[in-house]
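S.K.: This structure is in structure tokens; I'll ask about it shortly.
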Amino acid sequence: MLAELRQKAQVTIPKEIVMKLGLTEGDKLDIFEKDGFICIMPVAVYPKNVFNELRKEINNVKAKIASGEQPVFDSVDAMFDELEGK
């Protein structure tokens, strides 16, 4: 598909690509050059406080694992077996 570079370096992404990727107005796109190609990648942007909360939760779980309070499983199946009481 061809797109035309317009005023202010604007390009319209073809509708077929927008639909296929499920993009909507306001979505954030990372645009970068790599090896002579222009790459456009959809990205999720989260507020900094979401990452801070996640970091705290991860640190809490790490502390529980270190203290033996949090069980550690060899696989996801083993975790579900434990949760289901098998």
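S.K.: Residue by residue through region 34-53, note down the ones that are among the aromatic types (Phe, Trp, Tyr) and either over 30 Å from Val18 (Cα atoms) or part of a loop (DSSP other than H, G, I, E, B) (or both). So that I can check it myself, show each step before the final result.
M.R.: Just the residues of region 34-53 that are among the aromatic types (Phe, Trp, Tyr), to begin with: 37, 46, 51.
Once the filter is applied, which keeps residues that are among the aromatic types (Phe, Trp, Tyr) and either over 30 Å from Val18 (Cα atoms) or part of a loop (DSSP other than H, G, I, E, B) (or both), region 34-53 yields only Tyr46.
Residues are listed down the side, and each one gets a yes or a no for (1) among the hydroxyl-bearing types (Ser, Thr, Tyr); (2) in contact with a Pro (Cβ under 9 Å, 6 or more places away or on another chain):
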| site | (1), (2) |
| --- | --- |
| Asp30 | no, yes |
| Glu33 | no, no |
| Val43 | no, no |
| Tyr46 | yes, no |
| Arg55 | no, no |
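S.K.: A further question follows. Do we find that Lys56 is part of a loop (DSSP other than H, G, I, E, B) and of a type in the set (Lys, Arg) in this structure?
M.R.: No, not satisfied.
S.K.: Another question, then. Could you tell me whether any residue of region 68-76 is outside any loop (DSSP other than H, G, I, E, B) and surrounded by 10 or more Cβ atoms within 10 Å (Cβ to Cβ)?
M.R.: No: zero hits.
S.K.: Report whether or not Lys48 is basic (Lys, Arg) and either at pLDDT 95 or above or surrounded by 11 or more Cβ atoms within 10 Å (Cβ to Cβ) (or both).
M.R.: Numbers: basic (Lys, Arg): yes; either at pLDDT 95 or above or surrounded by 11 or more Cβ atoms within 10 Å (Cβ to Cβ) (or both): no.
The answer is no for Lys48.
S.K.: Does at least one position in region 31-40 carry a residue that is modelled with pLDDT of 95 or more, open to solvent by 100 Å² or more (accessible area, probe 1.4 Å) and on the phi > 0 side of the Ramachandran plot?
M.R.: Checking region 31-40: at least one residue is modelled with pLDDT of 95 or more, open to solvent by 100 Å² or more (accessible area, probe 1.4 Å) and on the phi > 0 side of the Ramachandran plot.
S.K.: On to the next question. In region 42-79, what residues are touching an Asp or Glu at 6+ places or on another chain (Cβ under 9 Å) and either in contact (Cβ under 8 Å) with a residue 40 or more places away in the chain or among the aromatic types (Phe, Trp, Tyr) (or both)?
M.R.: If the condition is that a residue be touching an Asp or Glu at 6+ places or on another chain (Cβ under 9 Å) and either in contact (Cβ under 8 Å) with a residue 40 or more places away in the chain or among the aromatic types (Phe, Trp, Tyr) (or both), then Phe73 is the only one that fits.
S.K.: Among (1) surrounded by 11 or more Cβ atoms within 10 Å (Cβ to Cβ); (2) more than 18 Å from Ala3 (Cβ to Cβ), which single condition is Leu23 missing?
M.R.: So the condition that Leu23 fails would be (2).
S.K.: Conditions first: (1) in a helix (DSSP H, G or I); (2) in contact (Cβ under 8 Å) with a residue 12 or more places away in the chain. Val18 passes all but one, so which condition is the exception?
M.R.: (2)
The values are calculated or read from the model by the stated rules, or taken from the named source; none is laboratory data. Quantities reported herein were computed from a predicted structural model and do not represent experimental measurements. Glycine gets a Cβ as well: all are built from the backbone with ideal geometry, and neighbour counts include every protein chain shown. We work out accessible area using only protein heavy atoms, side chains counted, and drop any ligands, DNA or RNA first. Shrake-Rupley method; radii C 1.70, N 1.55, O 1.52, S 1.80 Å.
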